[in-house]
Amino acid sequence: MPSHPALRSSLIDRLRTVERVVVLTGAGMSAESGIPTFREAQTGLWARFRPEELATPQAFAANPQRVWQWYQWRRQRVLNARPHHGHEALVTLEDALSDFTIITQNVDELHQRAGNRQVIELHGSILRNICSVTGRLIDSDIHTETVTPPSSPHHPAGLARPGVVWFGEALPESALRQAMDAVASCQVCISVGTSTLVQPAASLPWQALEVGATVVEINPEETPLSRDADFSLRMTASEGLGVIVRGCCP
Ligand code: OAD
C-alpha cells in the first residue's frame, strides 16, 4: 500500500485514538545505528557469512573459537553503536501511551539503551553470555564500551556462548508467550525494519491483523507484509517513526 500524505494523516488519526500499541522490530531498526542487517543483498551478514557455520549449535560444537570470534566482532560493532532518532521516537511513544510493548528480534539492546522499558527480546542478547550446557546466565555486564568481553569461550562455569538464539533453537518460551499476549490485546502493531521472513516472529503482525488491530509497516523495501498491512510506509525506521511521533505526540 502506498504511503502518500492522506494515508499518513489517517494513520495519525488512528494512532491518536489508541492506547495499546505493539512495535515489532528487526535488523532494519538498527541499520541506521551502523549495525548490518542479515538478508540485504550486498550488505547483509548472510550475504557475507554462512549462518550454518556461525549461528547454529552444531557450528559452535564443531568450532567454538571461530563462532566466538565472529560474535566478538559483532559485539564490538554493537558496543560502538548508538541509538538513533527512531529509537528515541519509540521512547517518546512509550512515555505517551499507557500500554506499549516493543517486541524485538534484535540482539543489540539498543532499545533499552535508548530508554525503552517494556522490551521483549525474542532472539536474546549478544551482550550476555550463557553456559552452553545449562543455558544459565554467566555474565550480563557486557554493556559499556569499558567492559571487554572475554577473548575466549572458556569460562569457569563451562563453555560460554553468546546469549542469542541460533538457527534450529527454540525461542525463549516466556518471551514468546509475552509477545503473543501483547499482540493478542493490541490495537496497533507497527512492524519496523524486518523482512518478516523468520518464524515465529514473522507471524506476529498477521496475528495482530486477526485480532482486528491496525497494522503499520515501516520499511524502505516491500516485504510479504506490505500487501496485508493497513499502512505501509516506504521509509527508514528513523523517518517513519519520526512521522508517527511528530503526528501523535506533537
Ligand atoms: P533481515 O535482514 O531479514 O531484514 C531487514 C529488513 O530491514 C529488510 O526488509 C530491509 O529492507 C529493512 N531495512 C533496511 N534498512 C532499513 C532502515 N534504515 N529502516 C527500516 N528498515 C530497513 O532482518 P530481520 O527481519 O530482523 O535471527 O531478520 C530476522 C532474523 O533473521 C534475525 O533476528 C536473525 C536473522 O537470521 C537470528 O539470528 C536468530
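The values are calculated or read from the model by the stated rules, or taken from the named source; none is laboratory data. Note that the coordinates shown come from a computational prediction; the quantities given were computed from them, not determined experimentally. Cβ sites come from the backbone with ideal geometry, for glycine too, and all protein chains shown count toward neighbours.
Checked against (1) aromatic (F, W, Y); (2) more than 10 Å from the ligand (Cβ to nearest atom); (3) assigned to a loop (DSSP other than H, G, I, E, B), Y71 passes all but a single condition, namely (3). Report, by residue number, each residue of region 145-203 that is of a type in the set (S, T, N, Q), at pLDDT 95 or above and surrounded by fewer than 16 Cβ atoms within 10 Å (Cβ to Cβ). Correct list: S174, S185, Q199, S203. Tallying residues that are within 22 Å of A41 (Cβ to Cβ) and either in contact (Cβ under 8 Å) with a residue 40 or more places away in the chain or among the polar types (S, T, N, Q) (or both) within region 221-238 yields 10. Restricting attention to region 96-122, and to residues there that are assigned to a strand (DSSP E or B) and farther than 20 Å from R77 by Cα, which single residue is nearest to the chain's Cα centre (by Cα)? By that ranking, first place goes to I103. Taken as a whole, the condition of being modelled with pLDDT of 95 or more, out of contact with any Gly (no Cβ under 8 Å at 6 or more places or on another chain) and either crowded, with 21+ Cβ neighbours inside 10 Å or not in a loop (DSSP other than H, G, I, E, B) (or both) applies to V215. Sort out which residues of region 59-84 are loosely packed, with under 15 Cβ neighbours inside 10 Å and under 16 Å from E32 (Cα atoms), and write them in order of number. Residues satisfying the conditions are N80, R82.
One residue stands out among those in region 10-34 that are assigned to a loop (DSSP other than H, G, I, E, B) and either more than 10 Å from the ligand (Cβ to nearest atom) or small (G, A, S) (or both): the one that is surrounded by the most Cβ atoms within 10 Å (Cβ to Cβ), which is G26. Within the set A59, A41, A47, the sole residue that is within 21 Å of the chain's Cα centre (by Cα), assigned to a helix (DSSP H, G or I) and within 16 Å of the ligand (Cβ to nearest atom) turns out to be A47. Residues in region 218-238 that are of a type outside the set (A, V, I, L, M, F, W, C), within 16 Å of the ligand (Cβ to nearest atom) and part of a loop (DSSP other than H, G, I, E, B): N219, P220, E221, E222, T223, P224, S226, R227, D228, R234, T236.
Considering region 218-231, and only residues there that are under 20 Å from the mean Cα position of the chain (by Cα) and surrounded by fewer than 18 Cβ atoms within 10 Å (Cβ to Cβ), the residue that is nearest to Q187 (Cα to Cα) turns out to be S226. Within the span defined as region 203-212, one or more residues are without any contact (Cβ under 8 Å) to a residue 60 or more places away in the chain and within 15 Å of the ligand (Cβ to nearest atom). In the condition set (1) within 22 Å of C248 (Cβ to Cβ); (2) at pLDDT 95 or above; (3) surrounded by fewer than 18 Cβ atoms within 10 Å (Cβ to Cβ), L90 is compliant with all but (3).
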